Amino acid sequence: MKTKLLIIGSGPAGYTAAIYAGRANLQPVQYCGIQMGGQLTQTTEVENFPGYPDGVDGNQMMMELRRQAERFGVEMHDGSIVSADFSQQPYRFKTDRDEEIEAESVIIATGATAKYLGLPDEQKYMGQGVSACATCDGFFYRKKVVAVVGGGDTACEEASYLASLCSKVYMIVRKPYLRASDVMKKRVENIENIEILYETNTLGLFGDNGVEGAHVVYRKGEADEKAYDLAIDGFFLAIGHKPQTDLFKGAVDLDEQGFIKVSGHSQATNLPGVFAAGDVCDPHYQQAIVAAGTGAKAALDAQEFLLNK
Ligand code: NDP
C-alpha cells in the first residue's frame, strides 16, 4: 500500500491529525494500534476537555473523534505497525498482518503506557492483584481493600474511582505531599474510605492466592523508619507513563526519557516528513486537549511538507 500520509496511533492526537489531514484531502491511512482510542478509553469521565460542560465518558469521546475522522475519508485500520524503516524515502513500514506500507510522510502519535515500580512481585502477581488501570479492573475488587501507588492526578482519579467500589483505598505516596492539582487533592482528602500514606514506599507484595498484602516502609532511611505489612487485595500503579517509542529508536531523535524530540514551533522531528504529536513527544503536559492541539499542528506540518515536495 502507498500513501501520502501514515498516521500511527489513535488517541486524541492521532484522531485530530486524521480529521485535519482528511479535510485537507491528504487521504491519510491511520493505524489505530491494539488499544484503539488510546489512554482515554481507560479513564472514567473527562471533565476538562472544552465543549463538554457536563463531562464526557472517555470511550465515548474517542468514538466520536473516530467517527468525525471517518467523515473525511480517513482509511482506518485496527492493527499495529510493527517495524519502521526510515533509511530512505518514501519510508517503509510493516503491519502486524505482514502488510507493507510506503509513506511519503508520517505522524507518530503512539502515546505512552503505564509505568511500573520494577518489583519482581509486580510480574508475579500481574492480573492476580496487580493492575495499572482502575477503570479496567476495579470491578473485580468490589467491597475489597486496595492500594493505589502515586500522588499525581492519575493516582487521585484512580483512588476516587476505586473508593466508589471498594471498602477501603490506601494511597501509597512516596513524598510528604500529593503532586496532583488542588481539585484532585481535595477530592481524595474528602473521601472517607481513602487513607493517604505519605512518605511510604512499597518493598514487595505477598499472598498465596494472588495479592494478599504489601510490604511497605514509612520514611525509609530515617531515624523513625517503620516497615510494616498492609493487608490489601489489589495493588494499582498510577506513577506516570512511558512513551511508546521503541519502534523509532535509532532513527528518530529521542530525549533521555525516550520522548520524541520535536522542533520548537512545529511538530517536526529530525527526519524530513516525520512528525510527532501527543504524549509520545510531551514529557510535560500530557493532557488530551494538548495532544489534540499537537495532532492538528502535525497534520498542518505534514500538509505543508507534502505541498513543498
Ligand atoms: P505524574 O507524573 O503527575 O505523577 C506521578 C506520581 O507517581 C507522582 O506522585 C510521583 O511521585 C509518583 N511516582 C513516580 N515514580 C514513582 C516510584 N517509582 N515510586 C513511587 N511513586 C512514584 O503522573 P500522572 O500520570 O498522575 O499525570 C501525568 C499528567 O497527566 C499530569 O500532567 C497530570 O496533571 C495529567 N492528568 C490530568 C488528569 C485530569 O486533569 N483529569 C487526569 C490524569 C492525569 P513524586 O511526586 O515523588 O515524583
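Restricting the first member to the stretch 114-131 and to residues that are closer than 23 Å to Arg142 by Cα, and the second to residues that are away from the ligand (no atom under 16 Å from the Cβ) and modelled with pLDDT under 90, the beta-carbon pairs closer than 6 Å and six or more apart or on different chains are Ser131/Asp137. Figure legend. Inter-residue proximity from the stretch 185-202: first residues farther than 23 Å from Lys143 by Cβ, second residues at pLDDT below 95 and surrounded by 15 or more Cβ atoms within 10 Å (Cβ to Cβ), beta-carbon distance below 7 Å, spacing 6+ or different chains. No pairs are indicated.
Quick one: would you say Ala277 is surrounded by 18 or more Cβ atoms within 10 Å (Cβ to Cβ), modelled with pLDDT of 95 or more, closer than 16 Å to Leu26 by Cβ and under 21 Å from the mean Cα position of the chain (by Cα)? Taking the combined requirement at face value, the residue satisfies it.
For Tyr20, state whether it is among the aromatic types (Phe, Trp, Tyr) and farther than 25 Å from Thr135 by Cβ. Spell out the reasoning first.
Working: among the aromatic types (Phe, Trp, Tyr): yes; farther than 25 Å from Thr135 by Cβ: yes.
In short, yes.
In this structure, does Ala298 turn out to be in the same structural domain as Ala24 (by the TED database), more than 20 Å from the chain's Cα centre (by Cα) and among the small types (Gly, Ala, Ser)?
Working: in the same structural domain as Ala24 (by the TED database): yes; more than 20 Å from the chain's Cα centre (by Cα): no; among the small types (Gly, Ala, Ser): yes.
No; evaluated as a whole, the condition is false for this residue.
Could you identify the single residue in Val146, Val130, Val106, Val169 that is surrounded by fewer than 23 Cβ atoms within 10 Å (Cβ to Cβ) and of a type in the set (A, V, I, L, M)?
Numbers: Val146 fails: surrounded by fewer than 23 Cβ atoms within 10 Å (Cβ to Cβ); Val106 fails: surrounded by fewer than 23 Cβ atoms within 10 Å (Cβ to Cβ); Val169 fails: surrounded by fewer than 23 Cβ atoms within 10 Å (Cβ to Cβ).
On inspection, the qualifying residue turns out to be Val130.
State whether the residues of the stretch 62-84 include one that is within 16 Å of the ligand (Cβ to nearest atom) and closer than 19 Å to Ala288 by Cα. There is at least one residue in the stretch 62-84 that is within 16 Å of the ligand (Cβ to nearest atom) and closer than 19 Å to Ala288 by Cα.
When the stretch 242-291 is limited to residues that are in contact with an Asp or Glu (Cβ under 7 Å, 6 or more places away or on another chain) and within 19 Å of Gly37 (Cα to Cα), the one that is farthest from the ligand (Cβ to nearest atom) turns out to be Pro243.
If you check Glu212, Glu225 for being without any contact (Cβ under 8 Å) to a residue 12 or more places away in the chain, away from the ligand (no atom under 16 Å from the Cβ) and at negative phi, only one passes: Glu225. Residues that are within 11 Å of the ligand (Cβ to nearest atom) and exposed (fewer than 15 other Cβ atoms within 10 Å of the Cβ) within the stretch 180-198 comprise Ser181, Val183, listed in sequence order.
Among the residues of the stretch 109-127, just one is surrounded by fewer than 19 Cβ atoms within 10 Å (Cβ to Cβ) and either among the β-branched types (Val, Ile, Thr) or closer than 19 Å to Ala299 by Cα (or both), namely Thr113. Could you tell me whether Asn201 is assigned by the TED database to the domain that holds Val145 and either within 11 Å of the ligand (Cβ to nearest atom) or in a strand (DSSP E or B) (or both)? Criteria met by Asn201. Of everything in the stretch 26-53, what is surrounded by fewer than 21 Cβ atoms within 10 Å (Cβ to Cβ), touching a residue at least 12 places away in the same chain (Cβ under 8 Å) and either more than 21 Å from the chain's Cα centre (by Cα) or on the phi > 0 side of the Ramachandran plot (or both)? Give them in sequence order. Gln27, the sole residue that qualifies. Annotation: of all residues in the stretch 142-157 being within 18 Å of Tyr116 (Cβ to Cβ) and either among the small types (Gly, Ala, Ser) or at pLDDT 95 or above (or both), the one that is farthest from the ligand (Cβ to nearest atom) is Val146.
The values are calculated or read from the model by the stated rules, or taken from the named source; none is laboratory data. Every value quoted in this text rests on a predicted model; they were computed, and no experiment measured them. Note that each Cβ is placed from the backbone with ideal geometry, even for glycine, and that neighbours are counted across all protein chains shown.
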